[in-house]
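Data block below; observations after.
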Amino acid sequence: QVQLVESGGGLVQPGGSLRLSCVGSGFAFEIYVMAWYRQAPGKQRELVASITTSSRTSYADSVKGRFAISRDNAKNTVYLQMNSLKPEDTAVYYCKAGITNNDIWGRGTQVTVSS
């Protein structure tokens, strides 16, 4: 079964940190570009960070210097380390595996930043 399963979300205070994980199964994880998206209530889904098969990374301006994406192909897992969290980072975070004409999405994990 082809799937992505996210974990690691939760409630954190402003300035805190969280590490999200996304485990893939049923497909050749290592040949896919992996990415994290997020969607806040009433807003469109937006790209947060991506990592290529050669581990080249890119980030949205809003998270540069605070978030870090990484991957472990041996574990079929992509991570998102989130530091210095702000209330505006509150959203459902989704993992996506992408290759030409084929995207795979996870179901998401909720991140809430609040005091």
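The values are calculated or read from the model by the stated rules, or taken from the named source; none is laboratory data. Fair warning: this is a prediction, and the values are worked out from it, not measured in the lab. FYI the Cβ positions are ideal-geometry reconstructions off the backbone, even for glycines, and counts take in every protein chain you see. What goes into the accessible areas is simple: the full protein's heavy atoms, side chains included, and nothing from ligands, DNA or RNA. Shrake-Rupley method; radii C 1.70, N 1.55, O 1.52, S 1.80 Å.
Looking at (1) open to solvent by 40 Å² or more (accessible area, probe 1.4 Å); (2) touching a Lys or Arg at 6+ places or on another chain (Cβ under 6 Å), which one does V2 not meet, given that it meets all the others?
Among (1) open to solvent by 40 Å² or more (accessible area, probe 1.4 Å); (2) touching a Lys or Arg at 6+ places or on another chain (Cβ under 6 Å), the lone unmet condition for V2 is (2).
So, of the residues in region 100-115 that are touching a residue at least 12 places away in the same chain (Cβ under 8 Å), open to solvent by 60 Å² or more (accessible area, probe 1.4 Å) and not in a loop (DSSP other than H, G, I, E, B), which turns out to be farthest from C22 (Cα to Cα)?
Q110
Just need a number here: residues in region 53-99 that are without any contact (Cβ under 8 Å) to a residue 40 or more places away in the chain, assigned to a strand (DSSP E or B) and open to solvent by 40 Å² or more (accessible area, probe 1.4 Å).
Residues meeting the conditions: 6.
When both residues are 6+ apart or on different chains and their Cβ atoms are under 9 Å apart, which pairs have a first residue that lies in region 1-25 and is touching a residue at least 24 places away in the same chain (Cβ under 8 Å) and within 17 Å of R107 (Cα to Cα), and a second that is assigned to a loop (DSSP other than H, G, I, E, B) and hydroxyl-bearing (S, T, Y)?
What qualifies is G24/Y32.
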